[in-house]
1. Evaluate E = 1/(1 + (r/R0)^6) for ASN463 and LYS219, where r is the Cβ-Cβ distance and R0 equals 45 Å; express this FRET efficiency to the nearest 0.05.
2. Going 7 Å from the Cα of SER623 in the Cα-to-Cβ direction, what parts of region 673-691 have a backbone nitrogen less than 14 Å from that spot?
3. Can you give me the % of accessible surface on region 657-739 that is carbon or sulfur? Probe 1.4 Å, all protein chains present, nothing else counted.
4. Whole-Hz Karplus ³J(HN,Hα) for region 480-487, in order, using 6.51 cos²θ - 1.76 cosθ + 1.60 and θ = phi - 60°, x for Gly and Pro?
5. In whole Hz and in residue order, list the ³J(HN,Hα) couplings for region 384-401 that follow from phi through the Karplus curve 6.51 cos²θ - 1.76 cosθ + 1.60, θ = phi - 60°; x for Gly and Pro.
6. Work out how much length ASN335 to ASP105 would gain on full extension: take 0.36 nm times their residue separation and subtract the Cα-Cα distance, in nm to one decimal.
7. Please work out the average accessible area per residue across region 553-612, using the 1.4 Å probe convention, and give it in Å².
8. If I take R0 = 25 Å and measure r between the Cβ atoms of ASN603 and THR689 in this structure, what FRET efficiency does the formula 1/(1 + (r/R0)^6) give, to the nearest 0.05?
Amino acid sequence: MEGDNSQVEMKLSSNMDEEVGGNGMEEHLIHSSNRKPYVAQIFGRTPKNLCFMAAATLLIFTIGCLIGYLAHSKRDLAPGSSVSVLPSEETVNIKTVAAPHMDWDDVIKLLAAKLSATKFESVFSEFASNSHRAGSPGDEVLGNKVLKKFDEYGMNTWTDEYFVKVQDPPASGYNRFVFNGTEGYPNGFLSYSATGRVTGAVVYAYYGQENDFTLLRSKNINLSGRVVLVRAGKISFAEKVANAAKMNASAVLIYPDPIDYAIRDNTSLFGHVHMGSGDPYTPGFPSFNYTQFPPVQSSGLPTILAQTITTGMANNILRKLGGQNAPREWKTYYNNLGDEKDVITVEVNNVLTEKRINNVFGVIKGFVDADRYVVIGAQRDAWGPGFATSTVGTSVLVELARSISDMVKNEGFKPRRSIVFASWSAGEYGSVGATEWMEGYLSSLKMKAISYINLDGVVAGDNRFKVAASPLLHSLIESTLKEVNFTQFSQVTRGNWESNVLEPLKLDNAAYPFLAVSGIPSVSFRFAPSNADYQYFGTLLDTRETLKRVTGQQIPQLAETAAQFAGHIALRLVHDHLLWMDVAEYDKIIRTWVAQINGKVRNVKRLRPELLPKALTVQWLVSASGSYSRASRRLQTDIENADYDDIAMCRIINDRIMMVERNFLSPYVSPKDSPFRHILLGSGPHTLTALFNHLEALRTNNPEADANLFRNQFALVTWTVQGCANSLAGDIWSLDNEI
C-alpha cells in the first residue's frame with residue numbers, strides 16, 4: 001500500500017514538471033513564496049491542459065479510494081492482524097474496530113450442533129478413575145489428559161504448580177471413639193480437624209445449625225466441654241464444627257442419618273472442616289513456595305476435634321442416650337438428647353502432609369478485549385471414584401473447550417473477550433487449587449476476570465434444576481433458561497423461576513470463594529434429585545453406576561444440557577458489546593436490608609434506649625442506598641445510549657459494571673482473618689447479615705452484644721455501600737450531589 005502511494009506521488013510530480021516547466025523544485029520555491037501568481041497560472045491555462053489536469057485528478061482520486069477501500073476491508077476481514085511499522089519490531093495488536101459480529105442466534109445454533117449426548121459417553125470413560133485424590137498419581141494422570149485435550153484443540157495452555165498442606169488420616173494409626181466400653185474405628189475423616197484426645201458427655205444437636213444450639217440452650221443444657229453428635233446435611237461440615245466451637249464444645253461427631261441418607265450403615269463420610277477455602281497454612285497468599293512465608297494459619301481452622309462416623313456407629317450411641325426428650329420438630333428415631341452420664345472419648349490422629357498439586361489451563365483468546373475473560377472451571381480430584389463430584393464436570397469442561405475452539409477455528413466465530421478453561425486440583429480439601437490460583441493472581445483477576453462458571457456436581461439427579469449465582473447474573477440466567485431446552489423440568493418453565501430455581505450460594509460451593517473472596521460474579525448450577533441432595537458426595541459410593549441409577553440412565557443427556565447452559569452464559573459474556581449484568585438487582589437487595597436494619601434500630605432504641613445514642617441514625621445508610629440506586633440508573637442510561645462502534649466507550653462501561661462486585665468487598669477487614677469479605681454475600685462481622693444479627697442480640701440483651709462494636713460496623717458498612725455507588729457512577733469528576 002505504501003509503495004502504491006509512492007508511485008502516485010511520483011506520477012503527480014512528473015506531471016507538475018511537465019506543466020510548470022524546469023525541474024519543478026525551482027518552481028515549487030517560487031510558488032511557495034507567492035501563491036497568487038501560481039493560482040493565476042493554473043486558471044490561465046488552455047482548455048486542453050485543463051482537461052488533462054481534470055482527467056489526471058480524477059484518476060488519482062479513483063486510485064486513492066480503491067486503496068483506502070482495500071485497506072479497510074482487509075482490517076475488517078482480519079481483526080486479529082496488525083501492521084508493524086518497523087519489520088524488525090514485534091507487532092502490537094491495537095484494536096481500532098470491532099470484530100466481525102456473528103448474530104447471537106447463529107452462535108447458539110453452532111454450539112448446539114457441536115455438543116451431543118452421544119459424545120459424552122466416551123469422554124466419561126476417558127476421565128473416569130477409581131483413585132484420583134489430590135496430589136496422587138491418578139490426579140496427575142487426569143491432569144495430563146486434560147492438558148493434552150486442550151493442546152489438541154489448539155488452545156494456549158499452561159499449568160500452575162503448588163505445594164499445599166492438607167490433613168490426611170494416619171497411615172500407621174487410626175482415629176477412634178469409645179462409648180460405654182465399645183470402641184469404634186471409623187474409616188472416614190475430616191481434614192483440618194484439631195488433633196488429640198478428649199472425653200466428654202454426648203449431646204445430640206440435630207444438624208448443628210445455630211438455631212439448633214440456641215434451642216438446646218433454651219432447655220438449660222450446658223454445652224461446655226460436651227461432645228456434640230450431629231447429622232450431616234443442611235450446612236457444611238465446617239459450619240457445624242464452628243457452631244459447636246462457639247458453644248465451647250470439645251468435639252463434634254458427624255453421621256449420615258437414615259432420614260436423609262439411603263445408604264448402608266457402614267458407609268464412611270469424607271470431608272474437611274476448614275471454615276474457609278484454600279491452603280489454611282498460607283492464608284491470603286499462594287502456596288507457590290511455602291518456605292517463603294511465616295508460620296501462620298487461617299483463622300478458620302477449628303480448635304476442637306471433628307470426626308465422621310457411620311450410621312451404624314451413631315445408632316449405637318443414640319439408642320443409649322438419656323436426658324431430656326428431643327424437640328418434636330427434630331425428626332429422629334431416638335428421643336433423648338443425652339445427659340452428663342453419657343460419656344464418650346474421641347481421639348483424632350490426622351497427619352498434616354505437604355502435597356504437590358497442579359492446576360491445568362487452556363485459553364481461547366478474544367479478538368477485541370482479549371485481556372478480559374470468563375473463567376470456566378471444574379474440580380478434578382475426589383475422595384474415591386467421584387463420578388458426580390468431578391468426572392462429569394471435567395467431561396463437560398473438556399467438551400465445552402472442544403466445541404468453542406472448533407467454532408472459532410472453523411465456523412468464523414470471533415469472541416470479543418477470552419475464555420479460560422481451568423481444571424482444579426484439591427477441591428475436596430476446600431477449593432484449594434482454585435483459591436491458591438486466585439490468591440496468586442488476585443491483582444489481575446479483580447480487574448480482568450468477568451465471571452466464574454462452576455461445573456462441579458452439575459449432574460446429581462434428574463428431577464430439579466437449581467442455580468446459585470451473583471445477583472448481577474440473574475437476568476442473564478433467566479434469558480438462558482428460555483434459550484436452553486428445559487421442557488422436562490416443570491419448575492423451570494412454569495411459575496416464578498426465581499423461587500423455583502434460585503438457591504443461595506453456600507460456603508462449601510466451589511464458586512463461593514470466587515464471589516466472596518475475589519469479587520468475581522459467579523454462577524454454580526446442578527441437576528438434583530426430587531426431594532433431597534445427592535447422597536453420595538463425600539463417599540466412596542459416588543460411582544458411574546450409582547449416578548446412572550439416580551438419574552434414570554440419563555447422564556449423557558443431562559451433561560449435554562448442562563454444557564449448553566454453561567456455554568450459553570459464557571458465550572453471551574464474551575459475545576456482546578456490553579456485559580449482560582444487571583446492577584439494579586443489587587439495588588433491590590440493599591434496599592431490603594436497609595429497611596430491615598432501620599426497623600431493627602428503631603426497635604432497639606425503643607426497648608433498650610440506653611444502648612444506642614439518640615444521635616445514632618440510619619440516615620447515612622439510607623443515603624448510601626439511594627446513591628447506589630441513582631448510580632445504577634445512570635449506568636443504565638449510559639448503556640442505553642452507548643455507541644457499540646465506540647470500543648473505548650464500551651470498555652469503560654464494562655469496567656464500571658465489573659467493579660460493582662469487587663466494591664462490595666469490605667476494604668476494612670483483613671483477607672487473612674475474614675477472607676469472605678463481600679458485605680452482602682460473604683461471611684463475618686462486616687456483613688449486613690451480621691449487622692442485623694448484632695442488633696437482634698442487643699435487643700435480646702445477649703451478653704456477647706457490644707453497642708460500640710455495632711456502631712463501628714455500622715459506619716464501615718455504610719461507607720462500603722457509598723464507595724460502591726461512587727465507583728459505579730463513573731469518573732471522579734462525574735460525581736456530584738445527585739450521587
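1. Working: r = 38 Å, r/R0 = 0.84.
Plugging the Cβ-Cβ distance into 1/(1 + (r/R0)^6) gives 0.75.
2. In region 673-691, the label zone of SER623 (backbone N under 14 Å from the point 7 Å along Cα→Cβ) covers no residue.
3. Values: 1950 of 3770 Å².
That fraction is 52 percent.
4. Per-residue couplings from phi come out as 5, 4, 7, 8, 8, 6, 10, 4 Hz.
5. x, x, x, 5, 6, 5, 9, 5, 5, x, 4, 5, 5, 4, 5, 5, 5, 4
6. Working: separation 230, 0.36 × 230 = 82.80 nm, distance 5.93 nm.
Net length gain for the segment: 76.9 nm.
7. Working: 2260 Å² over 60 residues.
Per residue, region 553-612 has 38 Å² of solvent-accessible surface.
8. Details: r = 17 Å, r/R0 = 0.69.
Rounded to the nearest 0.05, the efficiency is 0.90.
The values are calculated or read from the model by the stated rules, or taken from the named source; none is laboratory data. All of these numbers come straight from a predicted model, not from anything done at the bench. Reconstructed Cβ throughout: ideal geometry from the backbone, glycine too, with neighbour counts over all protein chains shown. With ligands, DNA and RNA removed, areas are computed over all heavy atoms of the protein, side chains included. Shrake-Rupley method; radii C 1.70, N 1.55, O 1.52, S 1.80 Å.
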